[in-house]
Amino acid sequence: MDFKFNEDQEMLSKAARSFADEFLAEYVEGIEENDEMPREVIEEAAARDFMAVTIPEEYDGLGMGHLARIILLEEISRVSAALGMLLQVWHLGIHPIVRFGSEEQKQKYLPRMAAGELLAGLAVTESTGGSDPTAVQTEAVKDGDDYILNGRKVYITSSHLSKVVGVMARMADDPKSFTIFLLDEDCPGWRAGRQEKKIGFKGSNTGDLIMEDCRVPAANIIGKIGDGLKIGLNSIGEVGRAGMAAVSLGILAASLEDAVKFSNSRVLGGKAINKNQAIQIKLADMYMDLEMSRLLAYKAATLGDEGQRCDTEMAMAKYYSSEASVRSAKAACDIHGGLGYMMETPTQRYLRDALLVISSAGTTEIQQIIVSKAAIKKYS
Amino acid sequence: MSKNREIWVVAEQRQGELKRITLELLGRALSLAEEKGSQVGVLLMGKSNDNLCRELAQKGADRIYSIEGDVLELYNPELYSRVVAGLAKEFEPGAILLGATVQGSAVSSSVAATLRTGLTAHCCDLSFSEEGRLRQVVPSLEGYYVFVSHSYPEMASVSPGVFPLLPLEEAGKGEVVNRELSSIEGCLEIKTSVLSFEKSVKDAVSLEDAEIIVAGGAGVGSAGWSMVEDLAEALGGVVGATRPAVDEGWIGHERLIGQSGKNVSPKLFVAVGVSGDPLHLSGVREPELFFAINKNEKAAIFQFADYGVVGDYRKVLPLLIEAAVNSR
Amino acid sequence: MEIVVCIKQVPDPGHIQLDPKTGTIIRGGVPAIINTVDKNALEAALQLRKINGGRVTVVSMGPPSTVEALQEALALGADRAALASDRAFAGADTLATSVTLAALINKTGPFDLVLCGYSSLDGGTAQVGPQTAAILEVPFFTAVQKMEKSAAGIQVEMETEEGVVAAESSLPALATITKGMNRPRGIRLSEAKKAKNKELFTYDLQGLGLSDDQVGEKGSGVCMVEVLPLPAGRDAEIISGEPEEIAGKIQGEIMKLGLQSRGGNK
Ligand SMILES: Cc1cc2nc3c(=O)[nH]c(=O)nc-3n(C[C@H](O)[C@H](O)[C@H](O)COP(=O)(O)OP(=O)(O)OC[C@H]3O[C@@H](n4cnc5c(N)ncnc54)[C@H](O)[C@@H]3O)c2cc1C
Ligand SMILES: Cc1cc2nc3c(=O)[nH]c(=O)nc-3n(C[C@H](O)[C@H](O)[C@H](O)COP(=O)(O)OP(=O)(O)OC[C@H]3O[C@@H](n4cnc5c(N)ncnc54)[C@H](O)[C@@H]3O)c2cc1C
Ligand SMILES: Cc1cc2nc3c(=O)[nH]c(=O)nc-3n(C[C@H](O)[C@H](O)[C@H](O)COP(=O)(O)OP(=O)(O)OC[C@H]3O[C@@H](n4cnc5c(N)ncnc54)[C@H](O)[C@@H]3O)c2cc1C
C-alpha cells in the first residue's frame with residue numbers, strides 16, 4: 001500500500017494550490033456577492049488545463065485519472081467550492097463522451113472541451129425526483145434520422161452556461177428504455193429556464209433546462225438507444241460522486257485551517273482558546289474527518305485508476321465526506337463564536353456550501369442504500 | 001592597517017541637486033572619521049560639479065573626487081560602477097558608504113564584487129568596534145544583525161532616513177580632486193548607453209517628511225484600502241504601507257516603510273491591519289503617538305503602540321474618518 | 001536567444017514564526033516557495049523566448065531540496081535547469097553566492113541574457129544580480145520594469161526613486177526584474193507534464209571548478225558577529241468600547257498632539 005502521490009500528481013496539486021491561493025482567492029468575495037463566476041476565472045482555469053485533466057491525450061487532454069482529478073478539485077474547493085462544483089460537473093459532462101462516445105463524437109467535442117471552449121454538463125434530474133432516475137419524463141420521439149425531445153430538467157449545474165449537455169430521455173416507443181442525447185449548438189429547441197437561488201455554491205449556476213421540440217440527430221446519441229441508465233449511473237457513480245467527495249475535502253481542509261488559525265489567535269482569559277480541551281476535541285474530530293474522507297476518496301479513485309469498479313467506494317467517500325464537511329464547517333463556525341456566522345467570515349460559507357454537497361449527485365440516503373446493498377451482498 | 005584610510009561616501013545627485021541620503025551619509029562619515037582619526041572623501045559624478053563640490057566642502061567633506069562628463073549626467077549603472085571601482089582601486093579608501101537606494105544598491109554591489117570585498121545592505125547603524133572594524137547593523141526578524149567585513153574597503157549601503165541631517169558648516173575647506181573619466185580603468189569600454197530619464201510625479205509631502213502617517217498592512221485587503229487613504233487624508237497625513245500591501249499592488253513601492261523601504265519619523269503613526277513585524281517597525285522611528293488597529297489581540301504591534309484597538313478596522317475606520325473630518 | 005534565469009528558493013513569509021521564548025526564527029517546517037519576483041523574471045524570459053526564439057535555463061544555488069523550485073520553473077515552461085548544491089556553499093553571503101551562480105551560469109554554456117529578481121524575500125539585499133554581473137563581466141540593469149530586444153542588444157526601463165531611466169546595452173547582459181514588469185503565468189498542466197522529461201543538472205563544488213575558499217562561509221566578504229535585541233515596546237493600552245467611543249478617544253489623543261494639518265496627500 002503506497003500512500004504517496006506520484007510525480008504528476010504532486011505537480012498537479014502544487015499547480016492547483018497556486019491557482020487557488022494566488023489567483024482564485026482574490027475573486028471569492030465578488031463571486032459570493034454577485035452569485036456569478038467571472039469569465040476570467042473560467043478562462044484562467046481553462047488556460048491552466050483544468051478542464052482537460054480527464055480527457056485522453058489523443059484528444060488534446062492530459063489523460064490523468066480519477067485521483068488526479070480529486071486532488072485538483074480538493075485544492076480548488078479549499079478556496080472556492082463553487083468553482084470546484086463548476087469544474088466537477090464539467091468533467092461529469094465530459095465523462096460519457098470519453099467512456100461511451102463514438103470516435104466521431106470524441107473528435108468533435110473533446111479537443112474543444114479540453115481547451116475550455118465548450119462547457120459541458122449532464123442533465124438527469126427532473127421534478128419527479130432525482131433519487132429515482134427511472135422517473136424521468138423527458139421523452140424522445142424518432143423522426144426520420146433525428147429525435148425530437150420534449151421535457152424539463154431541474155437543478156442542472158451550469159444550465160445557463162453549458163454549450164453541450166448530455167440529457168437522459170425516455171424513449172416514446174419503449175417507456176422502459178432510456179437514452180443519453182448530446183444537445184449541442186446545432187440542436188434547435190433547447191434553452192435554459194429558471195435560475196435557482198441557492199443558500200450556497202454562490203457563483204455555481206443551477207437551473208432548469210427546457211427542451212421544446214428539440215431536434216437531435218441520431219449521431220448525438222451516446223452509446224446505443226437504451227444505454228441511458230447504464231451510462232448515467234456510471235457517470236454519476238464514478239465521476240459525479242468522486243467530484244462531490246473532492247469538493248467536500250476542500251471544505252473540510254478550509255474549515256480546519258481557519259479553525260486552527262482562529263483558535264490560535266483568539267485569547268480569552270489570558271490564553272488562546274485552543275488551550276481548552278473542548279476546542280481541542282473539536283479540532284481532533286475535524287482533522288480526523290478530513291483524513292478519513294481523504295483515505296476513502298483516494299482509495300476509491302485509486303481503484304478506478306486501476307480499472308476496477310469503484311462505485312460502492314465512491315458512494316462511501318461521497319457519503320462520509322459530505323456529512324463530515326457539514327460537521328466540520330459547523331465546528332469551524334462554532335469555534336469562531338458569533339463571528340463564525342457573520343458574512344465577513346468565510347466559515348459561514350463553508351457551512352452553506354457543505355449543506356449543498358449532501359443533496360448533489362445522490363443524497364446521503366441514496367448512498368446509504370448503495371453501501372448497504374454492497375454490504376449485504378458481501379457478507380450474506 | 002586601515003587606520004588612516006579615508007571613509008568614502010558615494011554621492012547621489014539628480015539634475016544638479018544632492019539627494020538627502022548623501023548628506024545623511026556625509027554626517028555619519030564625518031563622525032566616524034573623527035573617531036578613527038581619518039578623513040572623509042566624497043565621490044561625485046555628474047555633468048558639471050562645481051556647485052555641488054562647493055556644497056560638499058562646506059558641509060565638511062575633506063576631499064571631493066569630482067568626475068565630470070556629459071555621460072555622467074544620468075545614472076548609468078555600468079559606468080557609475082566602473083568609476084567607483086576604478087577610483088577605489090587607485091585611492092584605496094578604508095570604507096565606502098552608499099545609500100540603500102536603487103542606484104546605491106546597484107553601484108555598491110557591482111563595486112564590491114569587482115573588488116571582491118564584503119558589502120552589507122540596508123544598514124540602520126554604523127560604528128567602529130574596539131578592533132577598528134566597521135560594525136554594520138541591519139534589522140532582522142530576530143533582532144539587529146551586526147555584520148563586519150573580512151577585507152577592505154568595508155562597504156555598506158545605508159537606508160535613507162536613519163542618520164540625521166547635518167547643520168551647514170561654513171568653514172568647509174575641502175579639497176577638490178578632479179579626475180578625467182578617460183583616465184579611470186575600464187571607463188572607455190562601457191557597453192551601456194542611457195537614453196532618457198522621465199521624472200515621476202511626486203507627492204506633495206514625502207513619507208520621510210510626513211508628520212502624520214497612516215500605514216496599512218496585509219490585513220486591510222484590496223477592497224478596504226481606500227479607507228486607509230481616506231483616514232490619512234482626513235488627518236492631513238500621508239499613507240505608508242507594509243511589504244505585503246506593496247506586493248499586492250494596493251500601493252506603490254515608494255510608500256514602503258521598513259527595512260527594504262523608507263525610514264520615517266512622524267509625530268503620529270497609525271497602523272491598520274499591520275502585524276508589527278520588526279522589519280516594518282525598524283523603519284518607524286520614535287513617533288510621539290502610535291495607534292494600532294488589529295483584529296488579533298496577540299499581534300506584536302500592540303507591544304509597540306501607545307494605544308491599541310482590537311477588532312476589525314472596517315468597524316472603526318469610518319467613524320475615525322468622520323471624527324477627524326469633523327474636528328478640522 | 002539564450003536566457004538564464006536565477007531563481008532562489010525562500011521560506012514562505014506567511015509561515016515564518018518566531019520562537020516565543022528565544023525570539024529566533026523557527027527554521028524547520030516552513031514551506032519553501034520560489035522567491036516571488038523571480039517568477040516575474042521567468043515570465044519575462046518566457047515572453048522573450050516567445051518573440052525571439054531560443055532557450056530558457058533556470059539556475060539556482062541551494063540545498064538539494066531546491067530541485068523542487070527548479071522543477072516548478074520547468075513546469076512553468078523553462079527548457080532546462082541547473083542546480084549548484086554542495087555543503088561547501090552553505091553560509092554564503094551575496095558575494096560568495098554570486099561567485100557560485102556565475103560559475104554555474106558559465107557551466108550551462110554561452111548566454112545572451114541573465115535575469116534575476118530585484119531582491120529576495122528573505123535576505124532581501126538586492127545585491128546578487130549586480131554582483132553576478134560584475135563577476136560575469138557583463139553590463140547590467142537593476143529594477144527593470146520594461147524590457148525588449150533591440151538592434152543593439154537589449155533596451156530597458158529602470159525604476160528609480162525619482163523616475164524612470166531608459167537605457168540600452170549590447171548582449172550579453174544581466175537585468176534584475178521588478179514585480180511591475182508582468183503578471184507571471186500559472187502552471188499549465190500540459191506544460192507541467194513535460195517537465196519531468198527536461199534536463200536538470202546538479203553541480204557540486206568540484207563540478208563548478210571552484211575552490212572552497214571562494215564559496216560559502218569561507219568565501220564570504222562579510223560575517224555576522226552578533227545579534228542585538230530589538231528595542232522594548234511601549235505596550236499599548238487597549239481601547240475598548242463601542243466603535244463611536246473608540247473613535248472619539250483616538251481623536252481626542254490626536255488633538256492633544258496639536259499637529260497642524262498639512263492638507264492631505266493628494
Ligand atoms: C447544487 C445542485 C446541483 C445539482 N446538479 C445536478 C446536475 O448537474 N445534473 C443533474 O441531473 N442533477 C443535479 N442535481 C440534482 C440532484 O442530483 C438531486 O437533487 C438529487 O439526486 C436528489 O433529488 P431530488 O432533489 O429530486 O430529491 P428526491 O429524490 O425527491 O428526494 C427527497 C428525499 O427523499 C430521500 N429519498 C429518495 N428516495 C429514497 C429512498 N429510496 N430511500 C430513502 N430515502 C429516499 C432523498 O434522500 C431525499 O432526502 C443537483 C442538485 C443540487 C442541489
Ligand atoms: C536578514 C538578512 C540580511 C542579510 N544581509 C546581508 C548583507 O548585508 N550582505 C551579504 O553579503 N549577505 C547578507 N545576507 C546573506 C544573503 O541573504 C545571502 O547571501 C543570500 O544567499 C543571497 O542574498 P539575497 O537573499 O539578499 O539575494 P538578493 O540579492 O536580494 O536576490 C536578488 C536575486 O538574486 C537571485 N538569487 C539570489 N540568491 C540566489 C540563489 N541562491 N540562487 C539563485 N538565484 C539567487 C534571485 O534572482 C533573486 O531574486 C543576509 C541574510 C539575511 C537573512
Ligand atoms: C529581508 C526582508 C526585508 C523586509 N522588509 C520589509 C519592509 O521594509 N517593510 C515591511 O513592511 N516588511 C518588510 N518585510 C516583511 C516583514 O517581515 C513582514 O512580513 C511584513 O511587515 C508583514 O506585513 P503586515 O503586517 O502587513 O502583514 P501580516 O503580518 O500578514 O499582518 C496582517 C495583520 O492584519 C491583521 N488583520 C487582518 N484582518 C484585519 C482586519 N479586518 N482588521 C484589523 N486587522 C486585521 C492580522 O491580524 C495581522 O496581524 C521584510 C522581510 C524580509 C525578510
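For every residue, the table says whether it meets (1) modelled with pLDDT of 90 or more; (2) more than 9 Å from every other protein chain (Cβ to nearest Cβ).
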residue: B:Gly236; (1), (2): no, no
residue: B:Gly240; (1), (2): yes, yes
residue: B:Val246; (1), (2): yes, no
residue: B:Glu254; (1), (2): no, no
residue: B:Ala271; (1), (2): yes, yes
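Determine which member of the set C:Leu113, C:Leu101 is touching a Leu at 6+ places or on another chain (Cβ under 7 Å), in the same structural domain as C:Ser170 (by TED's automatic domain parsing), under 14 Å from C:Val59 (Cα atoms) and buried (at least 23 other Cβ atoms within 10 Å of the Cβ).
C:Leu113
Could you figure out which of (1) open to solvent by less than 40 Å² (accessible area, probe 1.4 Å); (2) in contact with a Ser or Thr (Cβ under 7 Å, 6 or more places away or on another chain) isn't true of C:Leu42?
Among (1) open to solvent by less than 40 Å² (accessible area, probe 1.4 Å); (2) in contact with a Ser or Thr (Cβ under 7 Å, 6 or more places away or on another chain), C:Leu42 violates only (2).
Check off (1) away from ligand 3 (no atom under 12 Å from the Cβ); (2) in a helix (DSSP H, G or I); (3) at pLDDT below 90; (4) out of contact with any strand residue (DSSP E or B) (no Cβ under 7 Å at 6 or more places or on another chain) for B:Leu188 and give me the number that stays unchecked.
Unmet for B:Leu188, out of (1) away from ligand 3 (no atom under 12 Å from the Cβ); (2) in a helix (DSSP H, G or I); (3) at pLDDT below 90; (4) out of contact with any strand residue (DSSP E or B) (no Cβ under 7 Å at 6 or more places or on another chain): (2).
Mind checking which pairs have a first residue in the range A:1-15 that is assigned to a loop (DSSP other than H, G, I, E, B) and a second that is open to solvent by less than 100 Å² (accessible area, probe 1.4 Å) and small (Gly, Ala, Ser), Cβ under 8 Å, 6 or more apart or different chains?
From the range A:1-15, the pairs are A:Phe5/A:Ser13.
Report yes if some residue within the range C:175-196 is closer than 30 Å to B:Val102 by Cα, within 10 Å of chain B (Cβ to nearest Cβ), away from ligand 1 (no atom under 16 Å from the Cβ) and free of Cβ contacts under 8 Å to residues at least 60 places away in the same chain; otherwise report no.
Yes, that holds for at least one residue.
Kindly provide the set of residues from the range C:18-33 that are within 13 Å of ligand 2 (Cβ to nearest atom) and among the hydroxyl-bearing types (Ser, Thr, Tyr), ordered by number.
C:Thr24
Residue check: is B:Ser275 at pLDDT below 90 and either more than 16 Å from ligand 1 (Cβ to nearest atom) or more than 21 Å from the chain's Cα centre (by Cα) (or both)?
no
For residues that are in contact with a strand residue (DSSP E or B) (Cβ under 6 Å, 6 or more places away or on another chain) and within 9 Å of chain C (Cβ to nearest Cβ), scanning just the range B:256-269, find the one that is nearest to ligand 3 (Cβ to nearest atom).
B:Gln259
Quick test of your reading of the structure: A:Gly30 fulfils all but one of (1) in contact (Cβ under 8 Å) with a residue 12 or more places away in the chain; (2) closer than 30 Å to B:Gly219 by Cβ; (3) surrounded by fewer than 24 Cβ atoms within 10 Å (Cβ to Cβ). Name the failing condition by number.
(1)
Out of (1) within 16 Å of ligand 3 (Cβ to nearest atom); (2) assigned to a strand (DSSP E or B), the odd one out for B:Gly161 is which?
Condition not satisfied by B:Gly161: (2).
Please count how many residues of the range B:1-26 are out of contact with any strand residue (DSSP E or B) (no Cβ under 7 Å at 6 or more places or on another chain), of a type outside the set (Ser, Thr, Tyr) and open to solvent by less than 10 Å² (accessible area, probe 1.4 Å).
Count: 1.
Taking the stated definitions as given, is B:Lys47 basic (Lys, Arg), in contact (Cβ under 8 Å) with a residue 40 or more places away in the chain and open to solvent by 10 Å² or more (accessible area, probe 1.4 Å)?
no
Test of understanding: among B:Val228, B:Val205, B:Val246, which residue is more than 16 Å from ligand 1 (Cβ to nearest atom) and not assigned by TED's automatic domain parsing to the domain that holds B:Lys295?
B:Val205
I'm told C:Cys223 meets every condition in (1) surrounded by 15 or more Cβ atoms within 10 Å (Cβ to Cβ); (2) not polar (S, T, N, Q); (3) not in a loop (DSSP other than H, G, I, E, B) except one. Can you identify the failing condition by its number?
If we test C:Cys223 against (1) surrounded by 15 or more Cβ atoms within 10 Å (Cβ to Cβ); (2) not polar (S, T, N, Q); (3) not in a loop (DSSP other than H, G, I, E, B), just (1) comes out false.
To keep it simple, each residue is scored yes or no on (1) under 26 Å from C:Gly221 (Cα atoms); (2) at pLDDT 95 or above; (3) touching a Gly at 6+ places or on another chain (Cβ under 7 Å); (4) within 12 Å of chain C (Cβ to nearest Cβ).
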{"residue": "B:Lys59", "(1), (2), (3), (4)": "no, no, yes, no"}
{"residue": "B:Gly86", "(1), (2), (3), (4)": "yes, yes, yes, no"}
{"residue": "B:Ala95", "(1), (2), (3), (4)": "yes, yes, no, no"}
{"residue": "B:Gly104", "(1), (2), (3), (4)": "yes, yes, no, yes"}
{"residue": "B:Ser129", "(1), (2), (3), (4)": "yes, no, no, yes"}
{"residue": "B:Glu142", "(1), (2), (3), (4)": "yes, no, yes, yes"}
{"residue": "B:Ser157", "(1), (2), (3), (4)": "yes, yes, yes, yes"}
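Taking the range A:36-54 as the search range and keeping residues that are more than 18 Å from the chain's Cα centre (by Cα) and in a loop (DSSP other than H, G, I, E, B), which one is nearest to A:Phe201 (Cα to Cα)?
So the residue we want is A:Pro38.
Determine whether A:Ile370 is farther than 26 Å from B:Val220 by Cβ and either away from ligand 2 (no atom under 16 Å from the Cβ) or free of Cβ contacts under 8 Å to residues at least 24 places away in the same chain (or both).
Considered against the rule, which asks whether it is farther than 26 Å from B:Val220 by Cβ and either away from ligand 2 (no atom under 16 Å from the Cβ) or free of Cβ contacts under 8 Å to residues at least 24 places away in the same chain (or both), A:Ile370 comes out as yes.
When both residues are 6+ apart or on different chains and their Cβ atoms are under 6 Å apart, which pairs have a first residue that lies in the range B:234-256 and is within 16 Å of ligand 2 (Cβ to nearest atom), and a second that is open to solvent by 60 Å² or more (accessible area, probe 1.4 Å) and not charged (D, E, K, R)?
B:Val246/B:His253
Against the condition open to solvent by 50 Å² or more (accessible area, probe 1.4 Å), within 12 Å of chain C (Cβ to nearest Cβ) and not acidic (Asp, Glu), how does B:Ser196 come out, does it pass?
yes
Anything in the range B:61-79 that is more than 14 Å from chain C (Cβ to nearest Cβ), closer than 23 Å to B:Leu26 by Cα and either basic (Lys, Arg) or open to solvent by 30 Å² or more (accessible area, probe 1.4 Å) (or both)? List them, or say none.
If the condition is that a residue be more than 14 Å from chain C (Cβ to nearest Cβ), closer than 23 Å to B:Leu26 by Cα and either basic (Lys, Arg) or open to solvent by 30 Å² or more (accessible area, probe 1.4 Å) (or both), then B:Asp62, B:Arg63, B:Glu68 are the ones that fit.
Considering only residues of the range C:1-33 that are in contact with a Lys or Arg (Cβ under 9 Å, 6 or more places away or on another chain) and more than 10 Å from every other protein chain (Cβ to nearest Cβ), which is farthest from C:Leu104 (Cα to Cα)?
Here the residue is C:Pro11.
I need the full set of residues from the range A:20-39 which are within 12 Å of chain C (Cβ to nearest Cβ) and modelled with pLDDT of 95 or more, in order please.
Scanning the range A:20-39 gives A:Ala20, A:Leu24.
So which of C:Val165, C:Val227 ends up being hydrophobic (A, V, I, L, M, F, W, C) and modelled with pLDDT under 95?
C:Val227
Limited to the range A:156-199, what total is found for residues that are surrounded by fewer than 18 Cβ atoms within 10 Å (Cβ to Cβ) and more than 13 Å from ligand 1 (Cβ to nearest atom)?
Number satisfying all stated conditions: 14.
Mind listing just one residue for me: the one in the range B:123-147 that is assigned to a strand (DSSP E or B) and open to solvent by 20 Å² or more (accessible area, probe 1.4 Å) and, of those, farthest from ligand 3 (Cβ to nearest atom)?
Only one residue tops the list, namely B:Phe128.
Filter the range A:1-26 down to the residues that are in contact with a Ser or Thr (Cβ under 9 Å, 6 or more places away or on another chain) and crowded, with 20+ Cβ neighbours inside 10 Å and list them by number.
Across the range A:1-26, the qualifying residues are A:Ala20, A:Leu24.
The values are calculated or read from the model by the stated rules, or taken from the named source; none is laboratory data. Small disclaimer: the values here were computed from a predicted structure and weren't measured. Reconstructed Cβ throughout: ideal geometry from the backbone, glycine too, with neighbour counts over all protein chains shown. Surface areas here come from the heavy atoms of the whole protein model, side chains and all, with no ligands, DNA or RNA. Shrake-Rupley method; radii C 1.70, N 1.55, O 1.52, S 1.80 Å.
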